[in-house]
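The values are calculated or read from the model by the stated rules, or taken from the named source; none is laboratory data. Model, not experiment: these values are computed from the prediction. Neighbour counts are summed over all protein chains in view; Cβ atoms, including those assigned to glycine, are modelled from backbone coordinates with ideal geometry. These area figures cover heavy atoms from the full protein model, side chains too; ligands, DNA and RNA do not enter into them. Shrake-Rupley method; radii C 1.70, N 1.55, O 1.52, S 1.80 Å.
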Amino acid sequence: MVGGLDVSSHLCGQVQISGGESESRVASFSLIPQSVAQLDSFESAPVTIDLTLFRPGQTATYRRFTGRVETVNFNPAERLASIACRDGYQERIKAIRSAAEAAALTGGLAVSDQKVMAWIDSDPDPVGYFNNLLQTMRGCVAIDSSGLWQAIPWNIGTPSVSFDDSEIMDSSMTLSRPDRADVPESIVATLNHRFYRLHAAAVHLDWSCVSRYDMVIDGLPAAPKSMIMSALNNASGWLVKGEVAMTEPPVGGSLVQVGPHSVSYLTSSQQAALTCQSFTAWMYRRWYQQVEVRYRVTVATGGASERDESITANIESTFDAASWESTPTAETSNGIYAANAPVVSVQKTGYEGLKAPWPQINRALDHYADLTPADISISVEYVVAKALHKAAAGARKQTIQFERPLDPRWEIGSVIGAHAYGVSGVGQLVSFKDSLDHDSGEAVSQFVLACPKGNSSQTNFSSSIVLPLPDVQHNFGMYPLSNWFGASTRTLPNPPEDQLVGFLFNVQPLSEATFPAYSTYDAAAPVYNQQFRIVMPGIPANVRDPLVIDQTITATINIAGSGVEVTF
Amino acid sequence: METSFGFFLDPACTTPIVSSVQFVQAISNPSPDKRVVYFGSPLAGRFAVMADDSDITASISGPAASNVTLALSEADLGVRNPGAALPIAARVDGGPAGVVPIYIRALDSTHVSGERSFFISTAIFEEWSQ
């Protein structure tokens, strides 16, 4: 039927119909148009081709093609119109409007992963997207003889029919092995996941000033609170947790015995308020580390090509790590009350104001941000499905081809057995070609069966991964805060500069000493710049530099098929 | 860091206890007043620990504290001492699964009628992401 008109009686020459996996079904035929108007009406007209088989007393009609006229070539000398037709396979793909619609066309046999291959609404590429989706499919798609879209799993179970020598045309049987290039030795599927590992560390600081005796005999200065706070606040990358617990020197006089002399060391209330006698504080720091986890599986495909193929996909957790790391504290509610603070059910910790997430101090956490573990699993399925598709497609290049009298019963995906001429196998119909010659009367169907050497009756896979654990325990060592005498007999001749942390000060010259006989002044000793020096520990490279972690994908791959047996 | 852990009136952790807990003692009916509050967080994916890994402990304060008993089960109310602090756990997870019910029994020893109140709180704990 062309455009609703039965043209069977006008056909001449050959009618050919062919179809295959994931491609258009096409048909061609020639006919003698009855009028110019009829010839004109063929353009883009809907076409159906039905084949009727006759046996004595029985007829059976099969629809074999549904599509539209693609081209019409008219030969006026012969008054013959040659018509080529095609089904709507390509148009259907171009008409896809969403990722869900594309997934529906694969019948759930493909892995749709919006993290790896996202459907972009603002600039959709339906053909590219669908072709990508097809590469993860454990099957194929086609439009059947009735014009219906079909998603066909690559399953090879019990054959619907088996043909023997008597049902296959002589010398039409051919066995084709896969090309060397089709089957690699193995396929390595890799999913690279980039994310940030967030670290947090804390160090406890503790300092006390020198004794009153030392202060008197060497004329040592007291440490101003402001100097200590400045040192703490300027520790690069480190922040003070909560409030610094400072003690002030006691107000009033305290008696210091220097040899036979009793000296009263006086501290006014004004001095005490500005001076630190001792303090404890927690310094904390947090930083991020870029981590790339390579989830990998190797699928042995058994080829002899001495070549591995690789499939790689990348996903990335989107997170503003720099902002997370640099956010200062905002402990606005700390330190409001000097005494008798109201009872609250939750006390302040001093970490208030930090951006989430919050790794526990001296530990780390892997922050997947916008990706969930389920997202990662789907991406893993994506690469494994792609590997499976590639492996199965290569194995399915082992085919049996044969011809038999016109047989329109079988669709793409039908499971058929062939046992003839010493070749025996069960396979899935991957392409066919029906030819009907009105001149010679020849009516032949040519079938190609995929007979992969598989391990199952179904083509499928399962995969699982274990997410890496941030097995990190920080324990940053730090030299204790101490008191360092400069210009003193106590001054080390070559002070280890790394260890010079705490209060650095100098002994007064003898001319200014109250008790020169007891002074430790040494004019030749190193003299410090008076300061409160804090050198916070650095972050070790292994928890700072980008890290690559290899994780194995546990996968089971099944390819349907039982191969082909050949006997001489 | 917004702290989400605390004491709540409901197991879903939607109504935080932000003031004193009150109970009324009637002289004609000096039976204990019992109730349950909950320690936890509405947010899954968080957990609370003490900085030194000791137990998070609920304690009570206020005028009526000595007449209030805390326990992790109703049965334990009979064996625990009034006014004693209650160790909850070394780590409490956020979300409904991690919520810890705290059983409270209040009975004024003087049996004098009146309205009394106490505070329930913990020492400083730290809240982190999983």
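Compared with the dominant Cα axis of chain A, that is its longest principal axis, helix A:373-395 is turned about 40°.
Here the protein assembly as shown has 50 percent of its accessible surface on carbon and sulfur atoms, given a 1.4 Å probe and all protein chains in place. Of A:498, A:125, A:407, the order by accessible heavy-atom surface (1.4 Å probe, DNA, RNA and ligands excluded), from most exposed downward, is A:498, A:125, A:407. All distinct Cα pairs of the protein assembly as shown go into the 1/r average, and the inverse of that average, the Kirkwood radius, is 34.0 Å.
Using every Cα-Cα pair within segment A:224-347, state what percent have a distance larger than 20 Å. Considering segment A:224-347, 71 percent of its Cα-Cα pairs are separated by more than 20 Å. Pairs exceeding 28 Å between alpha-carbon atoms, taken from A:115/A:397; A:115/A:241; A:115/A:355; A:433/A:453; A:397/A:433; A:115/A:390: A:115/A:397; A:115/A:241.
The gain in end-to-end length when the residue A:550 to residue A:233 segment is fully stretched comes to 110.1 nm, 0.36 nm per residue minus the alpha carbon separation. Hydrodynamic analysis of chain B uses the Kirkwood radius over alpha carbon pairs. Inserted into Stokes-Einstein at 10 °C and 1.306 mPa s, it gives a translational diffusion coefficient of 105 µm²/s. The solvent-accessible area of residue A:248, taken with every protein chain present and a 1.4 Å probe, is close to 80 Å². In segment A:340-364, what residues drop by 50 Å² or more in accessible surface going from the chain by itself to the full protein assembly, probe 1.4 Å? Those are A:343, A:345, A:346, A:347, A:349, A:351, A:358, A:360, which lose 50 Å² or more relative to the chain on its own. Taking both sides together, the accessible area buried where B meets A is about 1700 Å² for a 1.4 Å probe.
Taking all protein chains together and a 1.4 Å probe, the residues B:109, A:122 rank A:122, B:109 from largest to smallest accessible area.
Using C-alpha pairs under 8 Å with a sequence gap of at least 6, the mean separation divided by the residue count of chain A gives a relative contact order of 19 percent. Between B:75, B:97, B:84, the GNM of chain B built on Cα springs shorter than 10 angstrom shows B:75 fluctuating the most.
Return the residues of segment B:107-130 for which accessible area with all protein chains present is lower than in the chain on its own by 10 Å² or more; set the probe to 1.4 Å and exclude ligands, DNA and RNA. When all protein chains are present, B:119, B:120, B:121, B:122, B:124, B:125, B:126, B:128, B:129, B:130 each give up 10 Å² or more of accessible surface. Rolling a 1.4 Å probe over the heavy atoms of the protein chains gives segment B:6-129 an accessible area of 45 Å² per residue. The tail of the calculated P(r) for segment B:60-130 beyond 15 Å holds 60 percent of all Cα-Cα pairs.
The candidates A:490, A:363, arranged from most to least accessible area with a 1.4 Å probe in the full protein assembly, appear as A:490, A:363. Other residues within the sphere of radius under 13 Å centred on the Cβ of residue A:207, judged by their own Cβ, net out at +1 (K and R +1, D and E -1). For chain B, relative contact order (Cα pairs under 8 Å, six or more residues apart, normalised by length) works out to 39 percent.
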